[in-house]
Amino acid sequence: MIVQADLLKKIKDFGLNSYEAKIWTALLSRGISSAGELSDISNVPRSRTYDVLESLEKKGFVMMKLGKPIKYMAISPTEVIDIIKKKIQQESVRQELSMDELRKSDVLEQLTQLHTTGIDMVEPTDLVGMIKNRDNVYDYMESMIKKADKSVYIMTSADGMIRKILHLEKTLKKASDRGVSIKILVPHNKETEKLEKELKGIVEVKNFTDIKSRFILVDNDKLLFFITNDKDVHPTYDVAVWIETSFFAESIKGFFEMVWKRK
């Protein structure tokens with residue numbers, strides 16, 4: 001049996017390697033088959049076929065039929081997707097519980113002490129870094145907002161606001177509940193105006209169109225700003241710079257508040 005190469009590549013999205021994909025598709029085409037038959041029709045070496053079938057059985061893609069000779073039966077693709085989804089959910093819960101336990105452990109306390117000691121030894125001019133990939137930047141923004149005590153100032157594009165709210169809405173709401181003042185300057189369109197209404201009581205939003213800039217300022221001393229135009233760059237190539245210095249951040253604060261007051 002010859003399976004198209006592009007189908008085999010797509011089947012790898014199920015979490016299978018090349019041999020597993022070939023054996024599973026071969027078994028799907030036969031319904032029930034022996035290891036020897038599957039080896040012949042899939043072109044997988046017979047010496048590897050039993051290991052591959054054992055792996056597929058553990059993953060929930062096939063089941064062994066009772067009786068002799070030993071034969072295997074394929075699980076339907078629909079059932080396999082449900083199995084994979086359930087395993088992903090279980091693994092996600094397990095990892096989340098593991099992180100919660102780690103947060104309460106002595107290990108985190110020791111690592112935090114190391115980090116604090118290291119930061120105390122760093123010169124202010126060294127507290128500058130670059131973050132690549134828009135998803136990574138948004139993750140760092142989320143971390144900044146979680147630590148905010150007083151204020152969060154955001155200046156962004158219309159599309160940028162839509163993306164940020166999608167990624168950060170829960171975090172912004174929790175910050176607002178803590179008493180953090182959150183202000184966003186953004187060029188208005190129908191989507192941003194709709195978001196402004198939905199976020200009323202959580203975020204203050206004002207329209208501005210004459211300045212193109214994207215940044216977030218937290219507590220007047222932690223600044224993260226993009227150095228690229230989101231309309232001209234692919235998300236994976238978006239780049240931002242973070243700076244933790246009150247001297248420069250105060251200047252950005254003054255600029256933001258000047259624009260805010262005139263709108």
Highest to lowest packing among 150-160, 235-245, scored as the average C-beta count within 10 Å: 150-160, 235-245
Subtracting the Cα-Cα distance from 0.36 nm times the residue separation, let me have the gained length for Arg94 to Lys146 in nm, one decimal. 16.4 nm
Quotient of Cα Rg and 2.2 N^0.38 Å for region 5-78, N being how many residues it contains: 0.99
Once the mean of 1/r over all distinct C-alpha pairs in the chain is inverted, the Kirkwood radius in Å reads 23.0
Say the dipole of the chain comes from +1 at the beta carbon of Lys and Arg and -1 at that of Asp and Glu; which of Leu172, Tyr72, Asn220 then lies farthest toward its positive end? Tyr72
Cut-off 10 angstrom, C-alpha nodes, Gaussian network model of the chain. Which of Glu79, Glu142, Glu196 fluctuates the most? Glu79
Interchain or sequence-distant (5+) residues whose placed amide H lies within less than 5 Å of the amide H of Ser34 are Tyr72
Taking the simple approach of a point 7 Å from Cα along Cα-to-Cβ for both Asn133 and Thr78, what is their distance in nm? 3.6
In terms of the Cα gyration tensor, with a ≥ b ≥ c the square roots of its eigenvalues, is region 177-248 rounded because a/c is under 1.5, prolate because a/b exceeds b/c, or oblate? oblate
Under a crude label model (7 Å from the Cα following the beta-carbon direction), how far is Tyr50 from Lys190 in nanometres? 6.5
Sites Glu37 and Lys87, calculated FRET efficiency, Cβ-Cβ separation with R0 25 Å, nearest 0.05: 0.30
Quick one: of Lys183/Lys222; Lys147/Lys231; Lys85/Lys197; Lys150/Lys173; Lys85/Lys194, which pairs are farther than 25 Å apart, Cα to Cα? Lys147/Lys231; Lys85/Lys197; Lys85/Lys194
Scoring only Lys, Arg, Asp and Glu (+1, +1, -1, -1) among other residues with Cβ under 9 Å from the Cβ of Ile154 yields +3
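Counting DSSP beta bridges in the chain, what percent are antiparallel, to the nearest 5? Provide the component values of the computation, followed by the final result.
Details: 25 of 34 bridges.
Of the beta bridges lying entirely in the chain, close to 75 percent run antiparallel.
Taking every DSSP beta bridge with both residues inside region 125-262, roughly what % is antiparallel (nearest 5)?
Antiparallel: roughly 65 percent of the beta bridges in region 125-262.
None of the figures in this text is laboratory data; all of them are computed from the coordinates on show. Here the structure is a predicted model, which is why all the values come from computation and not from measurement. Positions of Cβ are backbone-derived with ideal geometry, glycine not excepted, and every protein chain shown enters the neighbour counts.
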